[in-house]
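Q: One structure is given below, represented as structure tokens, and several questions about it will come after.
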Amino acid sequence: MLTRKIQKTSALVALLLAMALSPCFGKSITLTRASKKASTFLRSLEFITTINADYDEQSQKLTIDFDEDFGDVIVSIENEQGTKVYSRFFRATPRSTMSFSIQSISSGTYNLIITPVRSASVEGSFTVDD
């Protein structure tokens, strides 16, 4: 009887850990180099993989995780016509997260642009549906 309780408890703990460690955000935004021009500051794909951006359709939140110190960055969102609908400075330190609501943005396709002061920009697109 005690062994069964331990097994059930262990299974429950494992399930809770798996749920806690799994991403709870919506769609991942694929980031690529923004400029087609060669940049001496761009560190190839390593740079892109150290920033993760997700858009959660339910909560209408955009979350950006930085895995290393990029210093000051400018986070911008542009609509399909190239007009900025959002822009904000953020101090990106190792394991920092920037999260903000985009409920005021109407449906459409948008471009997320992340520009570190010390590096080239990366960008990715996402779609907002009503």
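What follows draws every value from the coordinates through simple rules; no lab data is involved. On a predicted model such as this, the values are computed, not experimentally measured, just so you know. Here the Cβ is made from the backbone with ideal geometry for all residues, glycine too, and neighbour counts use every protein chain on show.
Q: Would you mind checking the range 91-119 for residues with the amide N under 19 Å from a putative spin-label position 7 Å along Cα→C-beta of THR30?
A: Under cut-off, by backbone N: 109-114.
Q: Mind ranking 122-129, 83-90 by how tightly packed they are, going by the mean number of other C-beta atoms within 10 angstrom, highest first?
A: Answer by packing, highest mean first, reads 122-129, 83-90.
Q: Amide H of ILE29: which non-local residues (sequence gap of 5 or more, or other chain) have their own amide H closer than 5 Å, using H built in the peptide plane?
A: Residues meeting the criterion, in which the H sits 1.01 Å from N, are ALA53, ASP54, TYR55.
Q: Still on this structure, I have one more. By what distance, in whole Å, do the Cα atoms of the range 64-104 stretch along each of the three principal axes, largest value first?
A: 33, 18, 13
Q: Under a Cβ-only charge scheme (Lys and Arg +1, Asp and Glu -1), can you give me the dipole magnitude of the range 62-119 about the Cα centre, in debye to the nearest 20?
A: That gives the range 62-119 a dipole magnitude of about 160 debye.
Q: Once phi is turned into θ = phi - 60°, what whole-Hz ³J(HN,Hα) does the Karplus curve with 6.51, -1.76 and 1.60 give for every residue of the range 84-96, x standing for Gly and Pro?
A: Values, residue by residue: 6, 10, 7, 7, 7, 7, 8, 8, 8, 9, x, 6, 8 Hz.
Q: Further, regarding this structure: Per-residue HN-Hα couplings for the range 113-118, Karplus 6.51 cos²θ - 1.76 cosθ + 1.60 at θ = phi - 60°, whole Hz, x for Gly and Pro?
A: 10, 10, 10, x, 4, 9
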